[in-house]
Amino acid sequence: MAETYTHHSAGLESPASHGFDIVPDDTNLLPSVTRAIYVGNGGQLCLTLLSGATVTFQNLPAGSLLPVRATRVFSTRTTATGLVGLN
């Protein structure tokens, strides 16, 4: 399929063009910084933001899209599953 927008630069407000499954891990970083995280099955999500801050989002509903620039998703305090990183 031809890409209609090849001559346009992608901004942060642009739709995601890449996705990857997130396996929460207390040690390893994500393969790339996210633009957003899709939460397939609700719960709690503990992550490190690009700024270095660690935050925990509680009571996330299934099917939600969290617009965060994350570098790591922790396994210890994460109960949400079906996570997909978008960038």
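Which residue is surrounded by the most Cβ atoms within 10 Å (Cβ to Cβ), if the candidates are limited to segment 33-51 and must be part of a loop (DSSP other than H, G, I, E, B) and not β-branched (Val, Ile, Thr)?
For segment 33-51, the residue satisfying everything is 35.
Looking at segment 11-32, I want the residues that are under 19 Å from residue 79 (Cβ atoms) and exposed (fewer than 14 other Cβ atoms within 10 Å of the Cβ) and have a partner that is at pLDDT 95 or above and hydroxyl-bearing (Ser, Thr, Tyr) with Cβ atoms under 7 Å, at least 6 apart or on another chain. Which pairs are those?
From residues that are under 19 Å from residue 79 (Cβ atoms) and exposed (fewer than 14 other Cβ atoms within 10 Å of the Cβ), the pairs are 26/75; 26/76.
Kindly indicate the residue of segment 52-87 that is among the small types (Gly, Ala, Ser) and crowded, with 17+ Cβ neighbours inside 10 Å and also nearest to residue 18 (Cα to Cα) among those meeting that condition.
Residue satisfying both the conditions and the ranking: 85.
For segment 61-81, indicate whether the set of residues that are without any contact (Cβ under 8 Å) to a residue 12 or more places away in the chain, of a type in the set (S, T, N, Q) and at negative phi is non-empty.
Scanning segment 61-81, I find no residue that is without any contact (Cβ under 8 Å) to a residue 12 or more places away in the chain, of a type in the set (S, T, N, Q) and at negative phi, so the answer is no.
The values are calculated or read from the model by the stated rules, or taken from the named source; none is laboratory data. Predicted, not measured: the structure shown is a model, and the values here were computed from it. Positions of Cβ are generated from backbone atoms using ideal geometry, with glycine treated the same way; all protein chains shown enter the neighbour counts.
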